[in-house]
Amino acid sequence: MKKSLAARTLVSVAGVLVALLFLFPTYWMFTTSLKTPGDVLSSKYDLIPTSATLSNFASALTKPGFVTYLTNSLIVTLGAVLAALIVGVLAAIPLARFRFRGRKGFLLLILIAQLAPLSALFIPMYLLIRDIGLLNTLPSLLLMYFATTLPFTVWMLYGFVNGIPYDLEEAAMIDGCSRAGAFRRVTLPLLGPGLVTTSVFSFITAWNEFLFALVFMRDQSKQTLPVWLSSFKTAFSIDWGGVMAASVIYAIPAVIFFLIVQRKLVSGMTAGAVKG
């Protein structure tokens, strides 16, 4: 009993240390955003700031183009995630429920597409977008984010759908549901955790993308927040206080998105197990 308690204590302490290790950069970013330029460049670092200022946040929020960049990021990111989830569900269902020739090869192609580095796809995607006349438009950026997040979405949702017993759908069809109705009433609620998990990772991938937005969007009014963050660097200096304040602001939408979908995680795990 004592050995078990000691092991649990050791694991708990290790977990707290790992959590602190990952949280410290975020804490450093937040505390630095509250410092004056002199304190930021000081060689002495205080874990608990003795003074704080909101001037960095004020300068970041009033920087030209912030609202435009934020709107563009929300449009292309949410649009790409929603489109990837819809197409991903429609692709994952037949891959998990049906057995057809070429199914394993198609799954292998999805995995290869997910493993391919974005730098290898950059030039072909640029030429394609240019040839169809969508260069420097938000739909082109949404399309690229959709293309980059879709393989991951399909692969993840395939695993979740494959993990839901088909017997539940068959029982619903015996009770009078159609195949589509059985999926909607039984499988789709059970798929909630998979949709939430996949949407979070897809959102982070699209939200943090920088290179496509920088190169494909030549017009500054079409660029996104990651490009806006780079504007705090000039040829002569870097406004570190502004960068940290902007980074805090930049992280808020992702945190809000996670909090919104996280509320539905537990309810989605149990809703489909109750016969309606």
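The values are calculated or read from the model by the stated rules, or taken from the named source; none is laboratory data. Please read these numbers as outputs of a predicted model, since none were measured by experiment. As a convention, Cβ positions derive from the backbone with ideal geometry for all residues, glycine included, and neighbour counts pool all protein chains shown. Accessible surface areas use protein heavy atoms only, side chains included; no ligands, DNA or RNA. Shrake-Rupley method; radii C 1.70, N 1.55, O 1.52, S 1.80 Å.
Tabulated results
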item	result
Helix 138-162 vs. the chain, principal-axis angle (Cα, 0 to 90°, nearest 10)	50
Residue among Phe183, Phe106, Phe258 with the largest mean-square fluctuation in a Gaussian network model of the chain, springs linking Cα atoms under 10 Å	Phe106
Spin-label pair Ser230/Leu118, simplified geometry with 7 Å Cα→Cβ offset, distance in nm	1.2
Theoretical FRET efficiency, 1/(1+(r/R0)^6), r = Cβ-Cβ of Val67 and Asp131, R0 25 Å, to 0.05	0.20
Sparse-neighbourhood loop sites, trypsin sites (Lys or Arg not before Pro) in segment 74-153 - DSSP loop, at most 11 other Cβ within 10 angstrom	Arg99, Arg101
Gyration tensor (alpha-carbon) shape descriptor, segment 132-262, a/c threshold 1.5	prolate
Residues Ser237 and Thr36, FRET efficiency given R0 of 25 Å [Cβ-Cβ distance, rounded to 0.05]	0.95
Relative contact order %, the chain, counting alpha carbon pairs below 8 Å whose residues are six or more apart	30
Listed residues Ser178, Ser231, Ser43, most fluctuating in the chain (Gaussian network, C-alpha, under 10 Å)	Ser43
Cβ charges +1 (Lys, Arg) and -1 (Asp, Glu), total dipole of the chain, debye	660
Pairs of lysine residues in the chain - Cα separation under 26 Å, sequence separation of 8 or more or cross-chain	8
Of Ala147, Ala245, Ala58, the one that fluctuates the most in a GNM where the chain has Cα springs shorter than 10 Å	Ala58
Accessible surface, the chain, averaged per residue in Å² (probe 1.4 Å)	59
Computed label-point distance, nm, for sites Ile260 and Phe106 using a 7 Å Cα→Cβ extension	3.2
Trypsin sites (Lys or Arg not before Pro) restricted to segment 163-233 and DSSP loop, no more than 14 other C-beta within 10 Å	Arg218
Apportionment of accessible area to carbon and sulfur, segment 10-121, percent (1.4 Å)	77
Three-way shape call for segment 149-196 based on the alpha-carbon gyration tensor, with the a/c threshold at 1.5	prolate
Mean-position separation - Cα centroids, segment 1-34 and segment 180-199, in angstrom	34
Most positive-pole-ward Cα, Gly38, Ile123, Gln223, against dipole of the chain from beta carbon charges	Ile123
Neighbour-limited loop hits for GluC sites (Glu not before Pro), segment 127-227 (at most 10 other Cβ within 10 Å; DSSP other than H, G, I, E, B)	none
Calculated [θ] (222 nm, deg cm²/dmol) that DSSP helices of n ≥ 4 give over the chain, each run adding -39,500 (n - 2.57)	-24000 deg cm²/dmol
Intensity falloff of segment 174-240 expressed as log10 I(q)/I(0), Debye formula with alpha-carbon point scatterers, at q = 0.14, 0.18, 0.26 Å⁻¹	-0.64, -0.79, -1.08
Cα lying deepest toward the dipole's positive end in segment 1-111, options Leu109, Ser51, Thr62, charges on Cβ	Leu109
Among [x] 40, 29, 17; [y] 56, 24, 15; [z] 36, 20, 15, the entry that matches semi-axes √(5λ) of the Cα gyration tensor in Å as calculated here	[x]
